[in-house]
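One structure below.
Computed from the coordinates by the stated procedures, all read-outs in this text should not be read as laboratory data. What you see is a predicted model; the values in this text were computed from it and never measured. Counting neighbours? That spans all protein chains shown, and the Cβs are built from the backbone with ideal geometry, glycine included.
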Amino acid sequence: MGIKDRLREVVNGLPDAVTLVAVSKTQPTEVLMEAYAAGQRDFGENRVQELLEKQTALPTDIRWHLIGHLQRNKVKAIVPFIHLIHSIDSERLLKEVDRQAGLCGRAVYVLLQFHVAQEQTKFGFSLSEAEDMLGSDTFASMAHVRIRGIMGMATFTDDEQQVRSEFRELNRIFRHLKENFFRNDAQFSVLSMGMSGDYRLAVEEGSNMVRVGSAIFGNRH
Ligand SMILES: *Cc1c(COP(=O)(O)O)cnc(C)c1O
């Protein structure tokens with residue numbers, strides 16, 4: 001099966017309301033163009049340098065998503081074009097995005113990343129950290145970032161019940177923040193969860209944006 005067929009298989013298995021971000025990290029531009037030719041427009045990358053190279057080389061109607069950990073000194077480079085940053089994991093990072101977005105004269109859309117998995121290595125806020133930030137004067141003064149929702153990852157495990165319960169927890173966090181901080185903000189609407197191995201479960205648990213790489217592109221390079 002080629003990329004086009006695998007892409008179609010993933011897309012056909014998703015409800016219409018779920019956005020597919022094709023995670024193209026490590027794949028060469030020709031491979032992205034195959035998915036583009038099949039109609040895919042949302043692409044996710046996890047490294048800024050690679051994202052910049054691909055953004056320069058590929059069609060301008062691609063919507064680029066940054067899904068990996070972002071360092072503050074790399075924010076400036078992506079702010080002019082980025083469609084959605086999924087990986088805001090600290091107030092300092094969000095402040096820098098706000099500052100650079102202001103300098104650029106553009107509103108930048110972001111998701112807050114939450115840590116619910118058991119692995120120590122996964123970045124992200126806890127609920128109380130996020131609540132502290134969202135209730136702060138610092139956050140109130142940020143005029144150039146728009147928080148569109150949250151992103152999270154489940155533990156890498158075969159234990160379906162555990163994965164499901166972590167997605168459920170992310171959904172609870174999403175609804176809690178919506179209710180308490182974004183009740184009248186229709187833009188706060190994105191729940192980004194689910195990767196190749198678990199996106200079906202994620203959708204069952206309320207995901208409306210999945211980030212799928214290897215199920216479309218095969219193994220990474
Ligand atoms: C790599 C990556 C994905 C996609 O992983 P696959 O298992 O290849 O689908 C999704 N989200 C994040 C944050 C990633 O780094």
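Of note:
- Rounded to the nearest whole Hz, the Karplus-based 3J(HN,Hα) values (6.51 cos²θ - 1.76 cosθ + 1.60, θ = phi - 60°) of the stretch 27-32 follow the sequence 8, x, 4, 4, 5, 4, with x at glycine and proline.
- Annotation: for a label point projected 7 angstrom from Cα along Cα→Cβ of D132, no residues of the stretch 151-182 have a backbone N closer than 11 Å.
- In this structure, the amide hydrogen of Y109, modeled 1.01 Å from its nitrogen in the peptide plane, lies closer than 5 angstrom to those of I85, R146, counting only residues at least 5 positions away or on a different chain.
- For the stretch 1-92, diffusion coefficient by Stokes-Einstein and Kirkwood Rh (Cα), 37 °C, 0.692 mPa s, µm²/s: 235
- Span per principal axis, largest first, for the Cα atoms of the stretch 97-161 (Å): 45, 22, 18
- Sparsely packed trypsin sites (Lys or Arg not before Pro) within the stretch 128-209, loop by DSSP, other Cβ within 10 Å at most 14: R183
- Residues of the stretch 60-101 with amide N under 14 Å of the 7 Å Cα→Cβ point at Q49: 71, 74
- Size of the chain as Cα extents on the principal axes (Å, biggest first): 52, 42, 32
- Estimated at 0.36 nm per residue, the fully extended path between E204 and A77 surpasses their Cα-Cα distance by 42.1 nm.
- Spacing of the two label points (7 Å from each Cα toward its C-beta) at Q118 and S196, in nm: 2.3
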